Amino acid sequence: IVKLLLGYKETDIKAVNRCDETAFDIAEKTGHLEIASMLQQHGVQSARAIKPVATNPARELKQTVSDIKHEVHYQLEHTLQTRKQVQGIAKRINKMHSEGLNNAINSTTVVAVLIATVAFAAIFTVPGQYVDDLNDIPPGDSLGEANIAPKPAFIIFFIFDSIALFISLAVVVVQTSVVVIDSKGKKQMMAIINKLMWFACVLVSVAFLALSFIVVGKDEKWLAIGVTIIGTSIMATTLGTMCYWVIRHRIEASNMRSIRRSSQASRSRSWTMSVMSDSEILNNEFKKMYAI
């Protein structure tokens, strides 16, 4: 019957009943799939394809506003959660920085005391004999004077060792007297103290090398030269590496400050952009090691 009806040109294949259903819709609804396939082959379409449902502009506008509202609410919640996570990361990083600075301060104090102790003891344990007999004082010498005192190497040792001693004592006085709470102030203080300790270590090394030329004697002078080459190479490599880390840290800190300025300038534009910039800053600031 369906084939016969579809064979007539007069058959309206777009006819729709009161329920806005075509023959194809009725066949699909009632489960006659063969008839639905036959109708589809002859061009019978669904009512929705023939006559789309009229849209209501007011309803569409309301739906659009509702979708935008939900999207904005979701973005705000996501932004707040991200900001909380960033703040938590910042607190942990600040705590790590504070602990690292405190450890550096404690270590510097201990090292300064050790250098002062070694430098003080070295003055009174100079190798060589002393004038200790009041009745047998060689001409030009005095009681308690070391036999190597007039030599240039001993003068270099005495001057450099004394400077290292007083630098270390000055660091000990500052470390035990000054209390810095601000993290930035701690970094500035440690930057100065560390440079002084570097200088003290260099002075102690030079004093040791100068005295080694006297200890080994003229016949074994090559030993002192070898020790000087080895010691100079080690100290130069160490200090050069530390200077590289200091310069690199300062360059990165300068870049971070410029990023913060640009982030603060664009913060009024979008919360999401500011959170992204804060997270990038935290990721860049999270370092396992840096030199002050």
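The values are calculated or read from the model by the stated rules, or taken from the named source; none is laboratory data. These figures come from a predicted structure and were not determined experimentally. Note: ideal-geometry Cβ built from the backbone for every residue, glycine included; neighbour counts use all protein chains shown. With ligands, DNA and RNA removed, areas are computed over all heavy atoms of the protein, side chains included. Shrake-Rupley method; radii C 1.70, N 1.55, O 1.52, S 1.80 Å.
Can you run down the residue pairs with Cβ atoms below 8 Å, 6 or more apart or on separate chains, where the first is in the stretch 61-85 and touching a residue at least 24 places away in the same chain (Cβ under 8 Å) and of a type in the set (Gly, Ala, Ser) and the partner is loosely packed, with under 11 Cβ neighbours inside 10 Å and in a helix (DSSP H, G or I)?
Within 8 Å, no pair qualifies.
Filter the stretch 173-193 for residues that are within 16 Å of ALA116 (Cβ to Cβ) and among the polar types (S, T, N, Q); which is surrounded by the most Cβ atoms within 10 Å (Cβ to Cβ)?
GLN175
Picking from LEU114, LEU143, LEU134, LEU165, which residue would you name as being open to solvent by 70 Å² or more (accessible area, probe 1.4 Å) and modelled with pLDDT of 90 or more?
LEU114
If you scan the stretch 207-232, which residues turn out to be without any contact (Cβ under 8 Å) to a residue 40 or more places away in the chain and open to solvent by less than 60 Å² (accessible area, probe 1.4 Å)?
Residues satisfying the conditions are LEU209, SER212, VAL216, GLY217, ALA224, GLY226, THR228, GLY231.
Given the residues GLN129, GLN63, GLN81, which is the only one that is at pLDDT 80 or above and farther than 30 Å from ILE192 by Cα?
GLN81
What are the residues in the stretch 1-37 that are among the basic types (Lys, Arg), closer than 20 Å to ALA49 by Cα and either loosely packed, with under 12 Cβ neighbours inside 10 Å or without any contact (Cβ under 8 Å) to a residue 12 or more places away in the chain (or both), if any?
ARG18, LYS29
Looking at (1) surrounded by 15 or more Cβ atoms within 10 Å (Cβ to Cβ); (2) assigned to a helix (DSSP H, G or I), can you tell me which one ILE148 breaks?
Looking at each condition in turn, ILE148 falls short on (2).
On the given criteria, is PHE124 open to solvent by 100 Å² or more (accessible area, probe 1.4 Å), modelled with pLDDT of 85 or more and farther than 30 Å from ILE181 by Cα?
no
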